[in-house]
Amino acid sequence: MAELSKDIIGKKLNAYTVTVERGKIREFCQAIGETNPIYLDPEAAKAAGFEDTPIPPTFQTSFVFWGYQQIWDDMRAVGIDTDRLLHMKEDYTYLKPVYPGTEIHAQAEISDVKTGKMNTVTFRTVFKNSAGEALIEAEMGIIIRPEDS
């Protein structure tokens, strides 16, 4: 694959939409061992001041896997060798609670590229609801290992 170029900074990947499902929240909580009732029981969530069961922290990482299966093709299209990709980091800023039934609209933008022995790419995504309100801001970093590693 060709050398990664800083020219891809500002490039937007394809937009996608995914609807938050209560059952997926429950499965996620089970998978990570989360037992806090605000994430599982609507009445407990309401008693704690929420409208419904909010998504637990990091749940939004799953949005891309449910709603944007072509991410790997889109990464390759901008020159990222996904066969050598390693996940580096995720940072989130939570702006508003996200509840079951919320339709999430997202589109990642490449916000930084560093080239060297190991190239890094940073993506910025704002997860919005159907009204266009920002709910979560995310920054994901990846490393692309050298070809000889």
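The values are calculated or read from the model by the stated rules, or taken from the named source; none is laboratory data. None of these values were measured; they are calculated from a predicted model. Note: ideal-geometry Cβ built from the backbone for every residue, glycine included; neighbour counts use all protein chains shown.
Here are a few things to note about the model shown:
- For the range 50-102, a residue qualifies if it is of a type in the set (Ser, Thr, Tyr) and either loosely packed, with under 15 Cβ neighbours inside 10 Å or modelled with pLDDT of 95 or more (or both), and the qualifying residues are Thr53, Thr58, Thr61, Thr82, Tyr92, Thr93, Tyr94, Tyr99, Thr102.
Matching residues to (1) touching a residue at least 60 places away in the same chain (Cβ under 8 Å); (2) over 17 Å from the mean Cα position of the chain (by Cα); (3) under 20 Å from Asp74 (Cα atoms):
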residue: Lys114; (1), (2), (3): no, yes, yes
residue: Arg124; (1), (2), (3): no, no, yes
residue: Asn129; (1), (2), (3): no, no, no
residue: Glu133; (1), (2), (3): no, no, no
residue: Glu137; (1), (2), (3): no, no, no
residue: Gly141; (1), (2), (3): no, no, yes
residue: Asp148; (1), (2), (3): no, yes, no
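- Residue that is surrounded by the fewest Cβ atoms within 10 Å (Cβ to Cβ), among those in the range 1-33 that are more than 26 Å from Ile142 (Cβ to Cβ) and not β-branched (Val, Ile, Thr): Gly33
- When Asp52, Asp91 are checked against the criterion of being more than 16 Å from His105 (Cα to Cα), in contact with a strand residue (DSSP E or B) (Cβ under 6 Å, 6 or more places away or on another chain) and of a type in the set (Asp, Glu), Asp91 stands alone in meeting it.
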